1. From the list Glu193, Glu202, Glu232, which residue is under 16 Å from Met154 (Cβ atoms) and charged (D, E, K, R)?
2. Note down all Cβ pairs under 7 Å where the first residue falls in the stretch 109-120 and is under 15 Å from Asn81 (Cβ atoms), the second is part of a helix (DSSP H, G or I), and they're at least six residues apart or on different chains.
3. Do you know which of the residues in the stretch 44-61 that are closer than 15 Å to Thr143 by Cα and free of Cβ contacts under 8 Å to residues at least 60 places away in the same chain is surrounded by the fewest Cβ atoms within 10 Å (Cβ to Cβ)?
4. Give the residues of the stretch 224-251 that are in contact with an Asp or Glu (Cβ under 8 Å, 6 or more places away or on another chain) and among the hydrophobic types (A, V, I, L, M, F, W, C), sorted by residue number.
5. Residue pairs, Cβ under 9 Å, 6 or more apart or interchain, first in the stretch 162-173 and touching a residue at least 60 places away in the same chain (Cβ under 8 Å) and of a type in the set (Val, Ile, Thr), second surrounded by fewer than 21 Cβ atoms within 10 Å (Cβ to Cβ) and part of a strand (DSSP E or B). List them.
6. When the residues of the stretch 217-241 are narrowed to those that are assigned to a loop (DSSP other than H, G, I, E, B) and at pLDDT 95 or above, which ends up nearest to the chain's Cα centre (by Cα)?
7. Looking at (1) in contact with a Lys or Arg (Cβ under 7 Å, 6 or more places away or on another chain); (2) more than 21 Å from Met94 (Cα to Cα), which is the only condition Trp234 fails?
8. Could you tell me which residue of the stretch 159-198 is nearest to Leu82 (Cα to Cα), considering only residues that are surrounded by 16 or more Cβ atoms within 10 Å (Cβ to Cβ) and among the hydroxyl-bearing types (Ser, Thr, Tyr)?
Amino acid sequence: MLKNTLSIMLFHPLRLAILLFISTFFCACNGLGQHPEESGILENISNEFLAKKLIDKALILDVRTPDETQLGIIEGATIINLYDDDFENKIQLMEKSNPIVVYCASGGRSSQAAAILTEHGFMEVYNLEGGLYGWQNAGFPITEAKNDLTSVKMTEEELRALMQNEEIVLIDFYAPWCAPCKKMAPIIDRIEEEYASRVSVERVDVAANPSLGKSFNISSIPVFAIYHDGKEIWRNTGLTEKYLLESKLENLLK
């Protein structure tokens, strides 16, 4: 009896130690297999990497102040000031699955902004090392920032009244700091001119009218929506070919 009792006392600590070792081993292995996909990729990149690998496929985000951006930006960049009170609201309007390269003057603010982007679920975020200073010093070009879009305040009631009064309405939901919106602006201008007597073209700045963005379920920009007799019949998000917009309008005008 004494022998059995001693055996149990000796065996239990040994068994416990073995179990602890096994559980620790498997936990470590499981940890090695995990990937931080939920927070996205966060990586510092060089000027050369941006110019050769990402410049044509990533959204370039300039987080400097308006005074700074007036002196020049990387061509095609979207501008959202990190110090804006609604910075986090504005970034929610960008497509989270697309790669994003963030830059500032020298790299400090863009690091903060990149961290915020990953926290908000952006899947592929890059920070440009050295910022715009480094970009220029490496011999890469910048362009003057221009904002040709004007913001108009309006209420939901005013917009819906307009949609009811006009048979066919094309609405461009945009923001002044949005690079894809700026790229689409000349296309929308041409459509407005070509369809002047048949289609009403309206531009809604969701940055100046955030309540309209919410009411019309605008989660990213630009958004182009076509309404017929007050009812939405089609919408598209992002860069949109002119012929696609025209084909949708022509179908209604037949």
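1. The conditions single out Glu202.
2. Once the first residue is under 15 Å from Asn81 (Cβ atoms) and sits in the stretch 109-120, its partners that are part of a helix (DSSP H, G or I) give Ser110/Gly131; Ile116/Glu88; Leu117/Ile91.
3. Among residues in the stretch 44-61 that are closer than 15 Å to Thr143 by Cα and free of Cβ contacts under 8 Å to residues at least 60 places away in the same chain, the one surrounded by the fewest Cβ atoms within 10 Å (Cβ to Cβ) is Ile55.
4. Residues satisfying the conditions are Phe224, Ala225, Ile226.
5. Note: pairs meeting the criteria are Ile168/Ser200; Ile168/Ile226; Ile168/His228.
6. Thr240
7. Tallying (1) in contact with a Lys or Arg (Cβ under 7 Å, 6 or more places away or on another chain); (2) more than 21 Å from Met94 (Cα to Cα), Trp234 fails exactly one: (2).
8. Tyr174
The values are calculated or read from the model by the stated rules, or taken from the named source; none is laboratory data. Being a predicted model, the structure only gives us computed values, none of them experimental. As a convention, Cβ positions derive from the backbone with ideal geometry for all residues, glycine included, and neighbour counts pool all protein chains shown.
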